[in-house]
Amino acid sequence: MSSDYRLAPQIAARLLGVALLVLGGLVFVTTAVVVLFAAPVGLLSVAVVLCLVGVFGIGWLLNRRAWILRLTADGYRIRFVRGAGTRQARWSDVEKAVTDTIAGAPCVVLRLRNGQATTIPVELLAVDREQLVRELQDHLDGRPGVRR
């Protein structure tokens, strides 16, 4: 059993907006080069096509491919989250799972037996908070020494 949790739509929209600004800036700079230095207009066409491909490619990646949290039968892995702590661990290494509010954001904290922890900000994920907690509990149930 494996579950991937993707980026929340509102966060994906923000990232896509930043990409649009950067790609729009690229078109602007290319336009300025064509106008100021009498460069071939084909250069601008190439820039526009590349930016369109970039917008659709980034949108596809953010919507379909960019998972943030992966839960498997063996353990978990988190990526693209600054300050998450331990990025991956086996379920047998998890001592307990607790919910917490960190910097005003609801989080699930997986405390590991070695004293480290993984912090999962729930608002970043495209999942209901209760569903995530239930699935984490399902993985942790039956493991000796695991407290919730």
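What follows is calculated from the coordinates using simple rules that are stated; it is not laboratory data. Predicted, not measured: the structure shown is a model, and the values here were computed from it. Cβ coordinates were reconstructed from backbone atoms using ideal geometry, including for glycine residues, and neighbour counts include every protein chain displayed.
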The range 74-140, Cα convex hull volume normalised per residue, Å³: 84 Å³
At R0 = 30 Å, FRET efficiency that the Cβ-Cβ distance of Ile102 and Leu16 yields, to 0.05: 0.70
Interchain or long-range residues, amide H under 5 Å from Ala8's placed H: Leu125, Ala126
Positive minus negative residues near Arg79 (Lys, Arg vs Asp, Glu; Cβ under 9 Å): +3
Under the span-like rule (Cα at least 15 Å along the axis, Kyte-Doolittle mean at least 1.0), DSSP H helices of the chain: 9-37, 41-60
Counting DSSP beta bridges with both ends in the range 20-148, the antiparallel % (nearest 5): 95 percent
Fully extended contour minus Cα-Cα distance, from Ser45 to Ala73, at 0.36 nm per residue: 5.2 nm
Spherically averaged projected area in nm², based on the convex hull that wraps the Cα atoms of the chain: 10.9 nm²
